[in-house]
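Undergrad: Here it is, the structure, as structure tokens.
The values are calculated or read from the model by the stated rules, or taken from the named source; none is laboratory data. Keep in mind it's a predicted model, so treat the numbers as computed, not measured. Virtual Cβ from ideal backbone geometry, glycine too; neighbours counted across all protein chains shown.
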Amino acid sequence: MAVIRQIHPLWNDRTLEKSILAENKFFDRSSSYKLFVDLFNRNIPDYFTLKSLTKGKSVVDISSGNGVALEIFREQGYEIFGVDYFINESHNYEPFLKSQNIKYLLHDCSKLPLPLADKSFDLLTHIGSIHNFPETIWLDILDEFARIAKRTIFVLVNNGEEMKNNLDKFLTYDLDGFELTLTNNRNEFRWDKQ
């Protein structure tokens with residue numbers, strides 16, 4: 001518990017205790033906490049500044065998996081929503097998400113358009129999942145993200161080898177009113193509405 005508190009001082013004991021109980025009941029999520037807290041503090045720190053938060057700020061995590069990222073944002077006061085698809089019983093996150101009162105939609109994220117309204121979320125995150133989709137639709141997926149997000153899009157690409165083929169496209173792509181404002185030129189990308 002001390003490690004997470006040192007990394008992210010806004011995290012509190014109540015949330016951490018609840019998360020640990022949930023991970024013991026459903027599956028091991030502990031490695032995800034440090035990864036996501038470090039990732040968010042490095043790339044979207046303005047979303048962790050409570051004084052900038054106004055009521056009703058919202059986050060959607062596309063390919064949300066076990067909901068760890070959403071849980072972190074909920075603790076910061078955001079309205080959260082996840083989208084993911086059912087893989088099989090061993091990767092069925094539905095019982096966990098229900099237990100945590102996380103709103104979500106079961107949908108294959110490679111089937112576009114996504115069933116979400118235009119400009120319906122302040123922040124859209126897509127963490128470590130784009131490599132699951134054919135590279136031929138990656139830019140279409142980014143266009144869909146720009147349709148859904150109001151302010152910020154954050155994408156983490158897990159597989160560096162696949163990113164090599166698309167890095168130039170990501171760095172130069174005209175994303176409908178969004179400007180690439182942060183990248184480590186490898187696998188972390190942030191676009192903000194201009």
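Undergrad: Got a sec? Which of Ile153, Ile130 is of a type in the set (A, V, I, L, M, F, W, C), over 18 Å from Ile80 (Cα atoms) and either crowded, with 19+ Cβ neighbours inside 10 Å or touching a Cys at 6+ places or on another chain (Cβ under 6 Å) (or both)?
TA: Answer to the check: Ile130.
Undergrad: Yes or no: Phe170 hydrophobic (A, V, I, L, M, F, W, C), modelled with pLDDT of 85 or more, buried (at least 17 other Cβ atoms within 10 Å of the Cβ) and on the phi < 0 side of the Ramachandran plot?
TA: On the way: hydrophobic (A, V, I, L, M, F, W, C): yes; modelled with pLDDT of 85 or more: no; buried (at least 17 other Cβ atoms within 10 Å of the Cβ): yes; on the phi < 0 side of the Ramachandran plot: yes.
No; evaluated as a whole, the condition is false for this residue.
Undergrad: Do you know which of the residues in the stretch 174-194 that are assigned to a loop (DSSP other than H, G, I, E, B) and touching an Asp or Glu at 6+ places or on another chain (Cβ under 7 Å) is surrounded by the most Cβ atoms within 10 Å (Cβ to Cβ)?
TA: Of the stretch 174-194, the ones assigned to a loop (DSSP other than H, G, I, E, B) are 174, 176-177, 184-187, 194.
Now drop any that are not touching an Asp or Glu at 6+ places or on another chain (Cβ under 7 Å), which leaves 176, 194.
Working: Asp176: 12, Gln194: 8.
Checking each candidate, the answer is Asp176.
Undergrad: Consider Asn132 against the criteria (1) modelled with pLDDT of 90 or more; (2) within 21 Å of Val68 (Cα to Cα): it satisfies all of them except one. Which criterion is unmet?
TA: (1)
Undergrad: How many residues does the stretch 51-64 hold that are hydrophobic (A, V, I, L, M, F, W, C) and modelled with pLDDT under 75?
TA: Residues meeting the conditions: 1.
Undergrad: Still on this structure, I have one more. Among the residues of the stretch 108-128, count how many are farther than 21 Å from Tyr47 by Cβ, of a type in the set (Ser, Thr, Tyr) and under 15 Å from the mean Cα position of the chain (by Cα).
TA: Count: 0.
Undergrad: Considering only residues that are of a type in the set (A, V, I, L, M, F, W, C) and in contact with an Asp or Glu (Cβ under 7 Å, 6 or more places away or on another chain), look in the stretch 67-86 and name the one that is surrounded by the most Cβ atoms within 10 Å (Cβ to Cβ).
TA: Per the stated criteria, the residue is Ala69.
Undergrad: Any chance the stretch 29-50 includes a residue that's assigned to a loop (DSSP other than H, G, I, E, B), farther than 24 Å from Lys119 by Cα and at pLDDT below 80?
TA: Scanning the stretch 29-50, I find at least one residue that is assigned to a loop (DSSP other than H, G, I, E, B), farther than 24 Å from Lys119 by Cα and at pLDDT below 80, so the answer is yes.
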